[in-house]
1. Of all residues being free of Cβ contacts under 8 Å to residues at least 40 places away in the same chain and part of a helix (DSSP H, G or I) in region 41-55, which is surrounded by the fewest Cβ atoms within 10 Å (Cβ to Cβ)? Just the residue, please.
2. Can you name the condition, by its number, that GLU178 falls short on among (1) touching a helix residue (DSSP H, G or I) at 6+ places or on another chain (Cβ under 9 Å); (2) under 25 Å from TYR80 (Cβ atoms)?
3. Identify, by number, the condition in (1) within 20 Å of TRP169 (Cα to Cα); (2) modelled with pLDDT of 95 or more that SER127 doesn't meet.
4. Of the conditions (1) over 26 Å from PRO119 (Cα atoms); (2) at pLDDT 95 or above, ALA174 clears all except one; give me its number.
5. Need the failing condition index for GLU100 against (1) at pLDDT 95 or above; (2) within 24 Å of PHE214 (Cα to Cα), just the number.
6. For region 48-77, give me the residue count where each residue is among the aliphatic types (A, V, I, L, M) and more than 16 Å from LEU11 (Cα to Cα).
7. From the list LEU11, LEU35, LEU17, LEU30, which one is within 18 Å of LEU115 (Cβ to Cβ), open to solvent by 70 Å² or more (accessible area, probe 1.4 Å) and hydrophobic (A, V, I, L, M, F, W, C)?
8. What are the pairs with Cβ atoms under 6 angstrom where one residue, in region 245-258, is at pLDDT 95 or above and the other, located anywhere, is in a loop (DSSP other than H, G, I, E, B) and not acidic (Asp, Glu)? Sequence gap at least six, or different chains.
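The values are calculated or read from the model by the stated rules, or taken from the named source; none is laboratory data. Note that this is a predicted model, so its numbers are computed, not measured. FYI the Cβ positions are ideal-geometry reconstructions off the backbone, even for glycines, and counts take in every protein chain you see. We work out accessible area using only protein heavy atoms, side chains counted, and drop any ligands, DNA or RNA first. Shrake-Rupley method; radii C 1.70, N 1.55, O 1.52, S 1.80 Å.
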Amino acid sequence: MVDDFNTAAELELARRLVATGRDPGEAARLARLILLFLILPDPPDCARLFPRFDELRKRLESVVVKGDGEELEDAFLDLYAHVHMNEAPYTSDERRRLDEAGGYWNHSGGLSPILKAKPWISPETSSADFGAGNGLQGLLLQVLYPHRKTVQIEISDRAVEIGRQICEWLRVPAETIEWIVDDVLNVPATGFDFIYLYRPLRPEGRGLDFYTRFAREVESEEQPPVIFSIADCLKEFLSEERYEVVYGDGHLTCFKPR
């Protein structure tokens with residue numbers, strides 16, 4: 001789908017985004033996402049699942065016509081966050097399990113990890129999102145950088161059900177997405193080339209067990225994965241002999257195997 005975009009429109013949006021100081025490559029990728037959200041039909045079950053979608057998209061449309069780069073990014077962020085569904089559809093039992101394990105209720109990780117992932121994802125990459133919510137982050141990675149497989153790990157059946165609908169809406173090939181409905185505590189961090197996580201657990205109690213195991217598993221891989229971590233608390237568990245930080249801004253920390 002991204003190949004169908006109006007090149008002139010994409011270049012113009014990218015130019016405005018670069019004027020705010022954004023990296024040109026990231027600006028081009030953000031412009032593609034903005035145009036994508038403008039040309040898609042309404043998402044499935046839009047009125048119930050995304051009641052502000054029409055309002056937020058109309059705002060984005062108006063900003064595309066006459067707004068500057070900062071206004072463009074702000075308007076798209078609002079629409080992206082709405083589709084990400086910060087008000088995740090967890091059942092009372094799922095909320096209890098998350099609270100007991102120190103988990104977070106589906107906060108959106110923002111655009112930075114999506115836009116910065118290009119150097120680390122190739123067509124043969126196997127990626128994973130630990131605590132995926134409705135899977136929007138992983139799906140947008142597939143939109144921008146089509147690759148072999150994205151594994152979406154999420155405790156909520158309903159979130160995954162919605163994620164499957166978003167997958168179809170974004171026209172991401174279903175065979176490239178694997179959904180695992182389970183607690184992240186139960187899923188090994190092995191077999192991946194790229195892992196995204198937004199602090200799925202606090203580093204205490206069962207969370208300590210999770211990060212200790214996670215670090216041990218990724219470091220044991222013959223080719224350890226690149227890890228993009230939001231609100232990071234993984235660093236203290238990773239060995240400096242095996243991993244180095246290649247980017248960090250206080251929100252996103254990117255780890256590359258040495």
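1. Restricting to residues being free of Cβ contacts under 8 Å to residues at least 40 places away in the same chain and part of a helix (DSSP H, G or I), the top hit is ARG48.
2. So GLU178 meets the others, but not (1).
3. (1)
4. (1)
5. (1)
6. The number of residues fulfilling the criteria is 5.
7. LEU11
8. PRO257/PRO224
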